Amino acid sequence: MKIAFVGKGGSGKTTLAALFVRHLARTGAPVLAVDADINQHLGVALGLAEEEAAQLPAMGVRLPLIKEYLRGSNPRIASVDTMIKTTPPGAGSRLLRVAEANPVHDACARRVELDGADARLMVTGAFTEADLGVACYHSKVGAVELYLNHLVDGRDEYVVVDMTAGADSFASGLFTRFDMTFLVAEPTRRGVSVYRQYKEYARDFGVALRVVGNKVDEPDDLAFLRDEVGEDLLVTVGRSGWVRAMEKGRSAPFGELEEENRAALASLQGCADATYTRRDWERYTRQMVHFHLKNARSWGNDRTGANLASQVDPDFVLDESGRKRSPGGSRHVLDQDAMTDAV
């Protein structure tokens with residue numbers, strides 16, 4: 001299952017993403033955590049020292065390796081130089097699985113010990129001084145989008161992504177890559193403003209969205225969130241002494257997290273797991289292709305000097321078996337007119 005945490009800066013989304021990773025890891029399920037926020041704090045939230053977190057291998061730096069591996073023997077991709085963040089898989093592409101060993105995981109993922117359990121962590125890499133004025137942070141997040149485009153994940157295995165704050169997530173098609181998106185909102189007008197934006201943008205793409213109320217301390221806080229977000233409100237989380245102690249460097253066993261907060265995390269897992277039966281791999285593939293063609297038109301063709309629409313394998317549909325072809329080519333993920341329009 002692919003799960004995103006979004007919300008405005010300071011909402012507590014990184015903290016909740018880290019708590020959810022810890023909860024999942026304690027179940028024994030394979031868990032991969034990905035820090036795709038411009039402010040790289042997920043590693044520290046998972047208990048790493050600042051120095052350890054700073055030494056994690058950045059996916060953005062290893063993008064050439066990622067592209068070379070994923071390209072495989074796909075005849076539609078002439079070279080890695082023509083691969084962009086939205087390049088979809090096709091026949092001959094190498095696909096990724098959550099728990100497997102492969103060159104991408106070897107280069108980018110590191111195991112994090114979590115109080116008797118463990119998870120793997122990948123990070124996009126921080127926005128550095130060298131990037132100022134010459135780079136867009138979304139070029140780093142592009143490594144995550146390419147990774148998810150080639151990922152085949154199944155039931156009872158989890159990829160948890162801490163997304164960039166606010167509505168910046170919509171600067172790419174990455175927001176459509178998830179089975180469930182949890183939007184963390186404080187009980188304030190600013191706290192729910194991102195929810196309104198996200199719900200509006202996500203509606204047309206069938207993005208599953210639920211709200212997690214954070215820092216909910218009083219009945220009035222709960223009433224405010226219910227009035228603002230309605231049935232999208234899944235659970236609420238109060239201020240946590242366990243979290244405050246962890247943030248001060250005084251970590252306690254995860255089993256000592258407040259009972260009501262552990263129950264909230266279990267509700268998040270139940271909600272995410274329930275989306276499994278509603279998975280639509282054909283829609284997932286169509287959306288992947290849609291954003292690829294959109295990027296090809298707007299900048300990709302000019303930058304690479306290639307017709308990136310030709311990278312689309314119209315018979316290919318990503319699914320849990322790894323590869324699925326439409327019988328006789330009769331159920332294309334994209335019609336020829338749409339490909340011609342992208343040239």
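Regarding GLY305, is this residue open to solvent by 50 Å² or more (accessible area, probe 1.4 Å), farther than 20 Å from VAL160 by Cα and not hydroxyl-bearing (Ser, Thr, Tyr)? Yes: the conditions hold for GLY305. Within segment 185-224, the set of residues being small (Gly, Ala, Ser) and outside any loop (DSSP other than H, G, I, E, B) comprises ALA185, GLY191, SER193, ALA202, GLY213, ALA223. Consider LEU209 carefully, then state whether it is surrounded by 16 or more Cβ atoms within 10 Å (Cβ to Cβ) and touching a Ser or Thr at 6+ places or on another chain (Cβ under 6 Å). Judged against the criteria, LEU209 is a match. Could you say whether any residue in segment 242-249 is assigned to a helix (DSSP H, G or I), open to solvent by less than 50 Å² (accessible area, probe 1.4 Å) and more than 19 Å from SER11 (Cα to Cα)? Within segment 242-249, none of the residues are assigned to a helix (DSSP H, G or I), open to solvent by less than 50 Å² (accessible area, probe 1.4 Å) and more than 19 Å from SER11 (Cα to Cα).
Here segment 9-44 is the region considered, the condition is being of a type in the set (Lys, Arg) and over 16 Å from the mean Cα position of the chain (by Cα), and the residue that is surrounded by the fewest Cβ atoms within 10 Å (Cβ to Cβ) is ARG26. Checked against the criterion of being part of a loop (DSSP other than H, G, I, E, B) and either closer than 18 Å to SER240 by Cβ or of a type in the set (Val, Ile, Thr) (or both), the candidates ILE3, ILE38, ILE66 yield just one match: ILE38. Within the bounds of segment 310-318, is there any residue that is at pLDDT 95 or above and among the acidic types (Asp, Glu)? The answer is yes; a qualifying residue exists.
So is ALA135 part of a loop (DSSP other than H, G, I, E, B), of a type in the set (A, V, I, L, M, F, W, C), modelled with pLDDT under 95 and in contact with a strand residue (DSSP E or B) (Cβ under 8 Å, 6 or more places away or on another chain) or not? For ALA135, the condition - part of a loop (DSSP other than H, G, I, E, B), of a type in the set (A, V, I, L, M, F, W, C), modelled with pLDDT under 95 and in contact with a strand residue (DSSP E or B) (Cβ under 8 Å, 6 or more places away or on another chain) - is not met.
Matching residues to (1) modelled with pLDDT under 95; (2) open to solvent by less than 30 Å² (accessible area, probe 1.4 Å):
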{"residue": "ALA117", "(1), (2)": "yes, yes"}
{"residue": "TYR147", "(1), (2)": "no, yes"}
{"residue": "VAL152", "(1), (2)": "no, yes"}
{"residue": "THR176", "(1), (2)": "yes, yes"}
{"residue": "ARG190", "(1), (2)": "yes, no"}
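Looking at VAL123, VAL80, just one residue is more than 20 Å from VAL21 (Cα to Cα) and either in contact with an Asp or Glu (Cβ under 9 Å, 6 or more places away or on another chain) or of a type in the set (Asp, Glu) (or both), and that residue is VAL80. Across segment 69-99, which residue is most open to solvent (accessible area, probe 1.4 Å) among those that are within 30 Å of ASP115 (Cα to Cα) and in a loop (DSSP other than H, G, I, E, B)? Looking at residues that are within 30 Å of ASP115 (Cα to Cα) and in a loop (DSSP other than H, G, I, E, B), I get ALA99.
The values are calculated or read from the model by the stated rules, or taken from the named source; none is laboratory data. All values reported here derive from a predicted model rather than from experimental measurement. Heads up, the Cβs are rebuilt from the backbone with ideal geometry, glycines too, and the neighbour counts pull from every protein chain shown. Ligands, DNA and RNA are excluded from the accessible area calculation, which covers all protein heavy atoms including side chains. Shrake-Rupley method; radii C 1.70, N 1.55, O 1.52, S 1.80 Å.
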